[in-house]
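Report on the structure given below.
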Amino acid sequence: MKFAIQVNEGPYTHEASVSALNFVKAALEAGHEIFRVFFYHDGVNNGTRYTSPPQDDINIANTWSALAKEHNMDLVVCVAAAQRRGIVDQGEQERNGKDGNNIADGFRISGLGQLIEAGIEADRTVVFGD
Amino acid sequence: MSDVKKFCYLNRKAPYGTVYAWESLEVVLIGAAFDQDCSLVFADDGVYQLMKGSDTTGLGIKNFSPTYSALGDYDIKKIYVEKESLEERGLSLDDLQHLVWEDEDEDYAEKDSIMVVTKDELAQILEEQDVVLSF
C-alpha cells in the first residue's frame, strides 16, 4: 500500500512526530511505500538540522533525515508554515534575505499543493497531530 | 492525475487560540485548485470557527473569519457542522456566518453551504471519504 503522511506537530512537545516516525518505519518494514511525508503547522520544526538533544534522547530530526536517505523518502516542509517559523533552505534564504539556512538533510521546502497531491496519489493518508 | 477523490477537511479546534484553523483554511484554498470533491467538517470547538462577528482587534492578530464567506467562490459547497457540538456550546445555526455558493445551473442562485448534521450522520459522511485531513 502507498501511504501519505501528514505531521502537524513539532518534535518533543508532542508525541505526534515520533508516532509518525514509528508508523513510517513499521510500514516500510512491512513492505509498504511512503509516497511522501508532509510537515505542516509546527511540524515544520522537524526539518531543522540544528537540534541537539541530550545524548540519551532521540534526535528526531536526524532520525527523519537518516530514514529519508535509507529509503529515498520524500520529506516536504510546507513553505508558508516554514516561513512563519524560520525553517529556511538555500532558496528561501536568498529570496528572503536571511543570513543563513537550517533545513536538515533529506527535507525540502515546497507548497501545500504537495499535500493535496500526496492525498490524491496515495492509497491512504494518515495524519499525526494534536 | 488519478480520478477525483473525496477530500474532507476536519476542523476540531477553536480559531485564534491556536493556528490550526487558519492554516487549515490555507490548505482548503490551495486544495480547491485540484478539482477534487471537497467538503469541510466543523465539530467540537471547531464550530467556533464559523461564528458571526469575530473581532480580533483586541488580540492584535489577523482576523481571518471573513475568509470563510469566500469558500463558495472556491467551489466549496458542502460544509457540515455537527449538531451536538453546537448544542453542547449553547450555539445554533443563527450564531454562525451565512455561507452560500452560487449554482451555475440555476442562474447563479445562492444556496446554503452549511448543513447541520448529527454525530451519526457525520460518522457516515467521514466513512465515505477517501482522504480526511484533520486539523
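Any read-out appearing in this document is the output of simple, stated calculations on the displayed coordinates, not a laboratory observation. Worth saying up front: this structure is predicted, and the values here are computed from it rather than measured. Cβ atoms come from the backbone with ideal geometry, glycine included; neighbour counts cover every protein chain shown.
For the peptide A:115-127, the mean number of other protein chain Cβ atoms found within 10 angstrom of a residue's Cβ is 5. How many angstrom separate the Cα center of the stretch A:49-122 from the Cα center of the stretch B:100-135? Here the two parts' Cα centres lie 34 Å apart. Within the stretch B:73-101, find all residues whose amide N lies under 18 Å from a label point positioned 7 Å from the Cα of B:LYS52 along Cα-to-beta-carbon. From the stretch B:73-101, the list is B:81, B:86-87, B:89-101. Once the Cα atoms are used to define both axes, helix B:20-31 deviates from the longest principal axis of chain B by about 20 degrees.
Label separation (B:GLU104 vs B:THR67): 2.5 nm, computed from points 7 Å beyond Cα along the C-beta direction. Backbone phi angles across the stretch A:36-45, fed through the Karplus curve with coefficients 6.51, -1.76 and 1.60 (θ = phi - 60°), yield HN-Hα couplings of 6, 10, 10, 9, 10, 6, 5, x, 4, 5 Hz in residue order; Gly and Pro are listed as x.
Scanning residues 5 or more positions from B:SER113 or on other chains, those with amide H under 5 Å from its amide H are B:LEU99, B:VAL100, B:TRP101, with H placed 1.01 Å from N in the peptide plane. With respect to chain A, whose longest principal axis is taken over its alpha-carbon atoms, helix A:60-71 is tilted by about 60°. For chain B, the relative contact order comes to 32 percent (Cα pairs under 8 Å, sequence separation of at least 6). Summing charges over all other residues whose Cβ lies under 9 Å from the Cβ of A:PHE128, with Lys and Arg as +1 and Asp and Glu as -1, gives -2. Applying 0.36 nm per residue to the separation of A:ARG49 and A:ASN62 and subtracting their alpha-carbon distance, the gain on full extension is 4.0 nm.
When you look at the Cβ of every residue in B:23-31, what mean number of other chain Cβ atoms sits within 10 Å?
Rounded to a whole number, the mean comes out at 5.
Counting Cβ atoms of other protein chains within 10 Å of each Cβ in B:8-15 and taking the mean gives 1. Model label points for A:ALA26 and B:ALA123, set 7 angstrom from Cα along the Cα-to-Cβ axis, are 2.4 nm apart. Taking a ≥ b ≥ c as the square roots of the eigenvalues of the Cα gyration tensor of chain B, is the shape rounded (a/c under 1.5), prolate (a/b larger than b/c) or oblate? Here chain B falls in the rounded category.
Please state the relative contact order of chain A as a whole percent: Cα pairs under 8 Å, 6+ residues apart? Relative contact order for chain A comes out at 36 percent.
Net charge of the neighbourhood of B:ILE125, taken over other residues with C-beta under 11 Å away and scored Lys/Arg +1, Asp/Glu -1, is -2.
Taking the Cβ of B:LYS13 as the centre, find all other residues whose Cβ is under 12 Å away and add up their charges (Lys, Arg: +1; Asp, Glu: -1).
Net charge around B:LYS13: -3.
Only DSSP H runs of four or more residues enter the estimate; each adds -39500 (n - 2.57), and after division by the residues of chain B the mean residue ellipticity at 222 nm equals -5500 deg cm²/dmol.
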